[in-house]
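Colleague: Mind looking over this structure? Questions follow.
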Amino acid sequence: MSLEQQTTCEVDVIADLKAFERRLTEVISCLQPATTRWRIVLIVVSICVAIGAGQWLMDPVTRIVPLPQSLSNHPFFILATIMLLIIFILGVHRRVVASSIVISRVREVLDDFNMSCDDTGKLILRAKKLT
C-alpha cells in the first residue's frame, strides 16, 4: 500500500470513529430526559407508598379491626401500592437504568477494539494490549 493510500485509509477510519461517537452521544443524550422523568415518577410513587404505609401502621384502629377493613380505611396506601405495582409490571425500573445498560453494552463491544467510552458516549482510545 502506498503512503497516499495509507493516509486516505487513516482519514476514513478517523471520520468513521467521529461519526460513531457523534451517533453514540446522540443516542445517550436522547435517553437522559426520559430516564430522568421515570426516576422522578418512581421516587414520587415510592414516597407515597412509604407515607401511606406509615399512616396505616401508626393508626391505632389498625390493631383492632381485621386486615381488609384496616386496608379499606387507608385508600391512599392502597392506591399508591397499586400504582407502584403497575409501574413495575410496565417495566419502568428498566427504563430508569436504560442509558447505563446501553453504555455498558457498548463498552463490552468497544473492549475488543481497545476502546471504551465515558458516560456521555465520548470514545476513549486505549493503548494496545501487550500479550
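The values are calculated or read from the model by the stated rules, or taken from the named source; none is laboratory data. Note that this is a predicted model, so its numbers are computed, not measured. We place every Cβ from the backbone using ideal geometry, glycine too, and count neighbours over all the protein chains shown.
Colleague: Mind checking which helices (runs of 4 or more DSSP H) fall wholly inside the range 50-109 and carry at least 2 residues that are modelled with pLDDT of 95 or more and over 29 Å from the mean Cα position of the chain (by Cα)?
Modeller: Working: elements: 67-72, 75-89, 92-96.
Output list is empty.
Colleague: Given (1) surrounded by 15 or more Cβ atoms within 10 Å (Cβ to Cβ); (2) under 25 Å from Phe20 (Cα atoms), where does Ile101 come up short, assuming only one miss?
Modeller: It fails just one condition, (1).
Residues are listed down the side, and each one gets a yes or a no for (1) loosely packed, with under 14 Cβ neighbours inside 10 Å; (2) in contact with a Pro (Cβ under 7 Å, 6 or more places away or on another chain); (3) basic (Lys, Arg); (4) on the phi > 0 side of the Ramachandran plot:
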position	(1), (2), (3), (4)
Leu24	no, no, no, no
Met58	yes, no, no, no
Arg63	yes, no, yes, no
Val92	no, no, no, no
Asp112	yes, no, no, no
Leu123	no, no, no, no
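Colleague: Among the residues of the range 25-42, is any part of a helix (DSSP H, G or I), without any contact (Cβ under 8 Å) to a residue 24 or more places away in the chain, within 27 Å of Met83 (Cβ to Cβ) and among the small types (Gly, Ala, Ser)?
Modeller: No, every residue in the range 25-42 fails to be part of a helix (DSSP H, G or I), without any contact (Cβ under 8 Å) to a residue 24 or more places away in the chain, within 27 Å of Met83 (Cβ to Cβ) and among the small types (Gly, Ala, Ser).
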